[in-house]
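The values are calculated or read from the model by the stated rules, or taken from the named source; none is laboratory data. Fair warning: this is a prediction, and the values are worked out from it, not measured in the lab. Positions of Cβ are generated from backbone atoms using ideal geometry, with glycine treated the same way; all protein chains shown enter the neighbour counts. Only protein heavy atoms, including side chains, enter the accessible area calculation; ligands, DNA and RNA are left aside. Shrake-Rupley method; radii C 1.70, N 1.55, O 1.52, S 1.80 Å.
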Amino acid sequence: MKTAFAFLLVLLFVATPVSARGEFPVGRDKSNPFSDPVQGRFLPAKEAFRASAWRDDERVYVGFINAEDYYLHRHQFALDSRDPGVSFAELALPPGELMVHASLGEIHVFYDRVVFSAPIEASDAATEPLTITVTFQGCSDQGLCYPPEQIELEALYGSPPAAFTTSPSHDTADSPKGAL
């Protein structure tokens, strides 16, 4: 009995994150909320949270646009360089919106969109694109919290993408000139 329970518990821990990413080979089963994003209840993480990156001489910026009724956890952001000789100092994050989460207690979150940044620490001041890995975690207001995700982005030198050049309803941290 204990062996069967342990097996089921392990299976649950393995299948849940895979299913949340939309990678579980389930076909188009309407009872599975991840099998068809159009008919299902939840979007795959890459559709719920769309990210862009850009840079200037001193900082790298990452912006997220969230689908309606989806939010990102402030405490889960991390940024790493994939380029040798380049690293980043501490992230500058806006305060976010205070929320009382059912299992995490009081946390700060971002609805709609957010931009955060970090100082670039490099051996030279090149204006080449930077390849970065961004770690984040988000949830749906409908009750699903995605496992922490990592995405790789290329931060091009220059202005922010158009989606981040208009003023939103909340602040951002160290916004570049012309951005949020």
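Quick check: is even one residue across region 47-60 over 27 Å from Ala162 (Cβ atoms) and within 13 Å of the chain's Cα centre (by Cα)? The answer is no; no qualifying residue exists. Note on region 76-87: residues that are modelled with pLDDT of 95 or more and surrounded by fewer than 19 Cβ atoms within 10 Å (Cβ to Cβ) total 3.
When Glu90, Glu154 are checked against the criterion of being open to solvent by 30 Å² or more (accessible area, probe 1.4 Å) and either assigned to a strand (DSSP E or B) or touching a strand residue (DSSP E or B) at 6+ places or on another chain (Cβ under 6 Å) (or both), Glu154 stands alone in meeting it. Taking region 138-151, which residues are buried (at least 19 other Cβ atoms within 10 Å of the Cβ) and not in a strand (DSSP E or B)? The one that is buried (at least 19 other Cβ atoms within 10 Å of the Cβ) and not in a strand (DSSP E or B): Tyr146. Residues in region 105-128 that are outside any strand (DSSP E or B), surrounded by 13 or more Cβ atoms within 10 Å (Cβ to Cβ) and either at pLDDT below 95 or in contact with a helix residue (DSSP H, G or I) (Cβ under 7 Å, 6 or more places away or on another chain) (or both): Ala126, Glu128. Every condition in (1) without any contact (Cβ under 8 Å) to a residue 12 or more places away in the chain; (2) outside any strand (DSSP E or B); (3) in contact with a strand residue (DSSP E or B) (Cβ under 7 Å, 6 or more places away or on another chain) holds for Pro84 except the one numbered (3).
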